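Enquirer: One structure, pasted below without further comment.
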Amino acid sequence: MTSISTSLVLRALRALVFAMALPTASHAQAPTAPTIKVGAIGPFSGPSSDFGLPMLNGIRLAVDEVNRVGGYLGRQIELVVRDDKGNPDVGLQESQEMMKDGVIATLGFCNTGVALKAIPVYQKAQSPLLVPCSAGTPVTAQYPAAESYIFRNAPRDAIQAPFVVNDILKRGWNRVAILADTSGYGEAGMKDVIAALEKKDVKPAYIGRFPLGVKDLKTELTAAKAAGANVIFSYTVGPENAVIANAKRDLNWDVPMVGGWPLSFPFFITGAPQAAEGALMAQTFIAEPSNERRSAFLSGYTRKFNQKMAVPMAAAQGYDTMYLLIYAMFGIRDGKFTGTAMKAALENIPRTYYGVVATYERPFTLDDKDAVTENMLVMGKVQKGAVTFAYPEDARRNLEVQRKR
C-alpha cells in the first residue's frame, strides 16, 4: 500500500469515527454554520520558530483533515493563531488577547518560560490549554490536577531526564557535566537531571549555567573537562546547544553529548554540523515510515507544506494534540463548548485515538493531565545531519505504536 493510499484510508476511517459520533444526521448544522474557533500560540518567529512552526503545521494538517470530513456537526474548525515570539511577556499579552477571541480551547507553547508566565491566564479564564511541545516539568504542576485546565501531549522533562540518565549510565558514562541555560526550561531541566542522577547515587561532575544568547562557552567546557566529565548533558533549547558542541570540538575534547529533545532541532544540527554527529536525545517520534500511520502523516505533511519537517517531534505532537481535542469535542453532544464542559470532555475522551506518536486511550483524566509516559520514548541519534534511532531494537519496537502506561 502506498503512503498516499494509506492516507486516504486513514481519512476514511476518521470520517467513519466522526459519523458514528454524531447524534443523528438531522441534528447536523447547515454548511453556513459559524466556525468553531481554536487557538494556536507559539514561537512562530524568532529564535524558537524552528520548532514552533512545525508544531503549528502539524496542528494545521489535522484541522485540514477534520474540516475535509465535515468538521464538528458541519461546523468548520477555525484556527486563531498568535505568535509569542518565544518571549514570556509577549506570550502573556497574546494569551490575554486570545481569551478575547472566543476560542473554545488553545493549543500551544514551546518554551517553558513563556508557558509558565501565560498559564494563569488560561486557568483563570477556565479555558483549556493543550500543550504539544513545552516539556518543562512545572508546566502541568502549577495547579492541583483535578482543578487544572492545563493538559499536555509532550514528554515532560521529569521522564525525559531519567530516560537519558538510565541510557548513559548503561553505557558507562557516569561522570556527568550538566550545562543548562538560565531560562525556565534550563532551570527545571537541570533539576530533573540532578534528581535522576541522585536516584542512581551519582553526583554531577560539573554544573555550568549560562544565559540565552551566549556565543562562547569554552570556559565552562574547560572546567567540565578539568572535573573529569566523560559526558555532557545539555539543557537549553536554541543555538546554545551548537555553541556547546562547537566549543567541545575546539577544545579537542572527544566526549559524547546528550540531552532532551532540543538536540534534534536544526539550530543544533546545522549550527554544529560536525560536532553534532553522534549526539543522543529523547524522542517520541522519529521521521521514518515505520508503520502505516506514520507513513501517512509524513506524506500528508510533505504534500500540504512542500517542505521537510524541521522538527518532526513537534509536528507529530501538534498533529496528535489537535485530534485529541477533536475527539473530546465529539464527547459534547449539544455543541456548548464551555470551559468546564471542555475540561470534562478532555478528561473523559470516549474513543481511542490511533495517533502518530501513540495510541491514545484515556490520555487525560481528572487526576492526570500528561498524556505521554516513558514507554513512549526512544533514544534518537544525530547521524549524517538527521535524527535516526540510536538502537536497532527501538526501530523494530517503533513498528508498534505505544499506549500510555
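The values are calculated or read from the model by the stated rules, or taken from the named source; none is laboratory data. Owing to the predicted nature of the structure, the values given are computational and were not obtained by experimental measurement. Ideal geometry is used to build each Cβ from the backbone, glycine not excepted, and the neighbour counts take in all protein chains shown. Surface areas here come from the heavy atoms of the whole protein model, side chains and all, with no ligands, DNA or RNA. Shrake-Rupley method; radii C 1.70, N 1.55, O 1.52, S 1.80 Å.
Enquirer: Can you tell me which residue within region 222-231, out of those that are in a loop (DSSP other than H, G, I, E, B) and not hydrophobic (A, V, I, L, M, F, W, C), is surrounded by the fewest Cβ atoms within 10 Å (Cβ to Cβ)? Spell out the reasoning first.
Expert: In the first step, residues of region 222-231 are kept if they are in a loop (DSSP other than H, G, I, E, B); the result is 227-230.
From the residues that got through so far, the ones that are not hydrophobic (A, V, I, L, M, F, W, C) too are 228, 230.
Details: Gly228: 10, Asn230: 16.
The extreme case among them is Gly228.
Enquirer: In region 376-393, how many residues are assigned to a strand (DSSP E or B) and hydroxyl-bearing (Ser, Thr, Tyr)?
Expert: Step one: list which residues in region 376-393 are assigned to a strand (DSSP E or B), which gives 378-383, 386-389.
Imposing the further condition that a residue be hydroxyl-bearing (Ser, Thr, Tyr) reduces the set to 388.
Within region 376-393, residues that are assigned to a strand (DSSP E or B) and hydroxyl-bearing (Ser, Thr, Tyr) number 1.
Enquirer: Out of region 135-161, which residues are open to solvent by less than 10 Å² (accessible area, probe 1.4 Å) and in contact (Cβ under 8 Å) with a residue 40 or more places away in the chain? Even if it seems obvious, please write down each step before you answer.
Expert: Of the residues in region 135-161, the ones open to solvent by less than 10 Å² (accessible area, probe 1.4 Å) are 135-136, 139, 148, 150-155, 157, 160-161.
The answer is Ala135, Gly136, Ser148, Ile150, Phe151, Arg152, Asn153, Ala154, Pro155, Asp157, Gln160, Ala161.
Enquirer: If I filter region 346-358 for residues that are more than 19 Å from Gly71 (Cβ to Cβ), in a loop (DSSP other than H, G, I, E, B) and among the basic types (Lys, Arg), do I get at least one hit?
Expert: no
Enquirer: What are the pairs with Cβ atoms under 8 angstrom where one residue, in region 236-254, is in contact (Cβ under 8 Å) with a residue 24 or more places away in the chain and the other, located anywhere, is surrounded by fewer than 21 Cβ atoms within 10 Å (Cβ to Cβ) and aromatic (Phe, Trp, Tyr)? Sequence gap at least six, or different chains.
Expert: Thr236/Phe210; Glu240/Phe210
Enquirer: In addition: Which of (1) open to solvent by 50 Å² or more (accessible area, probe 1.4 Å); (2) more than 20 Å from Ser134 (Cα to Cα) is the odd one out, the single condition Thr359 does not satisfy?
Expert: Condition not satisfied by Thr359: (1).
Enquirer: Now for a separate question. Which of the residues that make up region 232-248 are of a type in the set (A, V, I, L, M), open to solvent by 20 Å² or more (accessible area, probe 1.4 Å) and either in contact with a strand residue (DSSP E or B) (Cβ under 8 Å, 6 or more places away or on another chain) or at pLDDT below 95 (or both)?
Expert: Residues of region 232-248 that are of a type in the set (A, V, I, L, M), as a first pass: 232, 237, 242-245, 247.
Imposing the further condition that a residue be open to solvent by 20 Å² or more (accessible area, probe 1.4 Å) reduces the set to 237, 243.
Result: Val237, single match.
Enquirer: I would also like to ask the following. Filtering region 82-127 down to residues that are open to solvent by 60 Å² or more (accessible area, probe 1.4 Å) and either at positive phi or among the β-branched types (Val, Ile, Thr) (or both), which residue is nearest to the chain's Cα centre (by Cα)?
Expert: Among them, the one singled out is Lys85.
Let's see how each residue does on (1) surrounded by 15 or more Cβ atoms within 10 Å (Cβ to Cβ); (2) in contact with a Pro (Cβ under 6 Å, 6 or more places away or on another chain); (3) of a type in the set (A, V, I, L, M):
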residue: Phe163; (1), (2), (3): yes, no, no
residue: Ile168; (1), (2), (3): yes, no, yes
residue: Arg171; (1), (2), (3): no, no, no
residue: Val176; (1), (2), (3): yes, yes, yes
residue: Asp216; (1), (2), (3): no, no, no
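Enquirer: With the requirement that a residue be without any contact (Cβ under 8 Å) to a residue 24 or more places away in the chain and under 24 Å from Ala158 (Cβ atoms), what does region 343-371 give you?
Expert: Residues satisfying the conditions are Glu347, Thr365.
Enquirer: With the checklist (1) at negative phi; (2) open to solvent by 30 Å² or more (accessible area, probe 1.4 Å) in hand, flag the one item Asp201 doesn't pass.
Expert: Among (1) at negative phi; (2) open to solvent by 30 Å² or more (accessible area, probe 1.4 Å), Asp201 violates only (1).
Enquirer: Determine the pairs where a residue that is closer than 24 Å to Glu277 by Cα and touching a residue at least 12 places away in the same chain (Cβ under 8 Å), located within region 387-402, has a partner that is open to solvent by less than 30 Å² (accessible area, probe 1.4 Å) and aromatic (Phe, Trp, Tyr) with Cβ atoms under 8 Å apart, the partner being 6 or more residues away or on another chain.
Expert: Correct list of pairs: Ala395/Phe389; Asn398/Phe389.
Enquirer: What single numbered condition from (1) under 21 Å from Ala341 (Cβ atoms); (2) within 14 Å of the chain's Cα centre (by Cα); (3) of a type in the set (A, V, I, L, M) fails to hold for Ala135?
Expert: For Ala135, the failing item is (1).
Enquirer: Within region 249-261, how many residues are part of a helix (DSSP H, G or I) and crowded, with 24+ Cβ neighbours inside 10 Å?
Expert: Here is the first cut: in region 249-261, the residues part of a helix (DSSP H, G or I) are 249-250, 261.
Retained after the next criterion (residues that are crowded, with 24+ Cβ neighbours inside 10 Å): 261.
Total satisfying the criteria: 1.
Enquirer: Do any residues in region 86-98 that are polar (S, T, N, Q) have Cβ atoms under 7 Å from those of residues that are modelled with pLDDT of 95 or more, where the two are at least six apart or on different chains, and which pairs are they?
Expert: If the second residue must be modelled with pLDDT of 95 or more, the pairs left are Asn87/Val114; Ser95/Ile41; Ser95/Ala118; Ser95/Val121; Ser95/Tyr122; Gln96/Val121.
Enquirer: If you go through region 173-221 one residue at a time, how many are more than 27 Å from the chain's Cα centre (by Cα) and part of a helix (DSSP H, G or I)?
Expert: Count: 4.
Enquirer: Among what's in region 276-295 and is modelled with pLDDT of 95 or more and more than 19 Å from the chain's Cα centre (by Cα), pick the residue that is surrounded by the most Cβ atoms within 10 Å (Cβ to Cβ).
Expert: The selected residue is Ala279.
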